[in-house]
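We did not get these values from a lab; they are worked out from the coordinates using the rules stated. Fair warning: this is a prediction, and the values are worked out from it, not measured in the lab. Positions of Cβ are generated from backbone atoms using ideal geometry, with glycine treated the same way; all protein chains shown enter the neighbour counts.
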Amino acid sequence: MARKLIVIANWKMGPSGYKKARELFISEKAKAKKYRKVKTVLCPQSVLLSEFSKMQNGSVSLGAQDVSFAEGGSFTGEFSASLLRDIGVSFVIVGHSERRALGETDDAVSRKLGLAVKNGITPILCVGERERDIHGEYLSILRQQLFLSLSGIQRKDLSKIIVAYEPIWAIGKTADDAVTPDKLHQTSLFIKKMLLERYGVSPSSLPAIIYGGSVEPDNAEELISDGNVEGFLVGHASLDAGDFGEILKSVNG
Ligand code: PGA
């Protein structure tokens with residue numbers, strides 16, 4: 001049976017203020033209820049997860065934007081995968097380029113993935129090149145990033161992960177700057193081929209591959225129909241419930 005398509009809202013540090021965040025959550029939950037063929041995941045700032053988890057109500061799931069590399073212990077400011085699980089969080093974004101830019105290493109990413117899986121949380125592993133060169137050098141970068149990040153993951157757990165292809169050059173721009181459907185199609189194939197070769201699993205055991213980087217109402221439909229992906233990780237457009245609803249509608253079909 002085909003997996004449900006998935007749309008994940010990465011709110012980053014938006015929206016500004018508690019009241020607006022609560023309103024956005026309620027509006028996006030109402031949109032998600034209309035488009036039941038899509039699995040909708042909302043990732044607010046971590047301080048809101050505990051409260052919002054009581055408001056999930058079946059239409060949306062909750063995701064964190066990060067998690068600690070450690071199981072527990074003296075790491076001031078960190079929060080654990082087990083605590084996320086306990087408060088009802090079922091997804092976590094791991095290795096986002098904005099966290100990697102703050103110093104997150106592939107080793108930390110790999111440990112975070114392992115802890116998420118161990119605690120029954122679906123990790124969304126972000127990978128993506130800084131720029132595309134005409135010689136295809138970016139494909140080696142992608143391969144290396146993917147394999148290093150997945151180094152702590154066993155073959156049996158591969159299907160418990162989602163891989164978000166997020167080229168850095170496409171993040172935070174407009175639909176016109178995003179990847180084109182045919183380039184996305186090729187890259188998704190490349191990622192699948194690398195994973196099949198490395199892990200020797202059947203295609204049905206591969207992780208879902210999704211795309212992130214300026215997904216907007218204007219490009220969502222063509223990217224989902226021709227991009228060979230099973231969903232999106234949406235940044236800025238997820239801060240507008242109207243735009244986010246349009247994206248859900250396109251994916252819902
Ligand atoms: P964007 O962000 O949709 O604003 O490009 C995507 C992301 O960073 O996950």
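Would you mind stating whether GLY242 is over 18 Å from the mean Cα position of the chain (by Cα) and at positive phi? Judged against the criteria, GLY242 is not a match. Working only within region 193-212, note down all residues that are farther than 24 Å from ILE171 by Cα and touching a residue at least 60 places away in the same chain (Cβ under 8 Å). Within region 193-212, none qualify. Take region 136-169 and flag every residue that is buried (at least 22 other Cβ atoms within 10 Å of the Cβ) and either over 16 Å from PRO207 (Cβ atoms) or in contact (Cβ under 8 Å) with a residue 60 or more places away in the chain (or both). The answer is ILE162, ALA164, TYR165, GLU166, PRO167.
Candidates ILE247, ILE191, ILE209: the one that is buried (at least 20 other Cβ atoms within 10 Å of the Cβ) and assigned to a strand (DSSP E or B) is ILE209. The conditions of being more than 17 Å from the chain's Cα centre (by Cα), surrounded by fewer than 18 Cβ atoms within 10 Å (Cβ to Cβ) and at positive phi are met by GLY73.
One residue stands out among those in region 23-41 that are crowded, with 21+ Cβ neighbours inside 10 Å and without any contact (Cβ under 8 Å) to a residue 60 or more places away in the chain: the one that is farthest from SER82 (Cα to Cα), which is PHE25.
Residue count for region 109-124 satisfying the condition of being farther than 19 Å from ASP86 by Cα and in contact with a Lys or Arg (Cβ under 9 Å, 6 or more places away or on another chain): 1.
Table: residues versus (1) buried (at least 19 other Cβ atoms within 10 Å of the Cβ); (2) within 16 Å of the ligand (Cβ to nearest atom).
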residue	(1), (2)
PRO44	yes, yes
PHE69	yes, no
PHE91	yes, yes
SER110	yes, no
ILE134	no, no
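When ALA170, ALA178 are checked against the criterion of being within 16 Å of the ligand (Cβ to nearest atom) and in contact with a Leu (Cβ under 8 Å, 6 or more places away or on another chain), a single residue qualifies: ALA178. Is it the case that ILE224 is touching a residue at least 24 places away in the same chain (Cβ under 8 Å) and away from the ligand (no atom under 12 Å from the Cβ)? Criteria met by ILE224.
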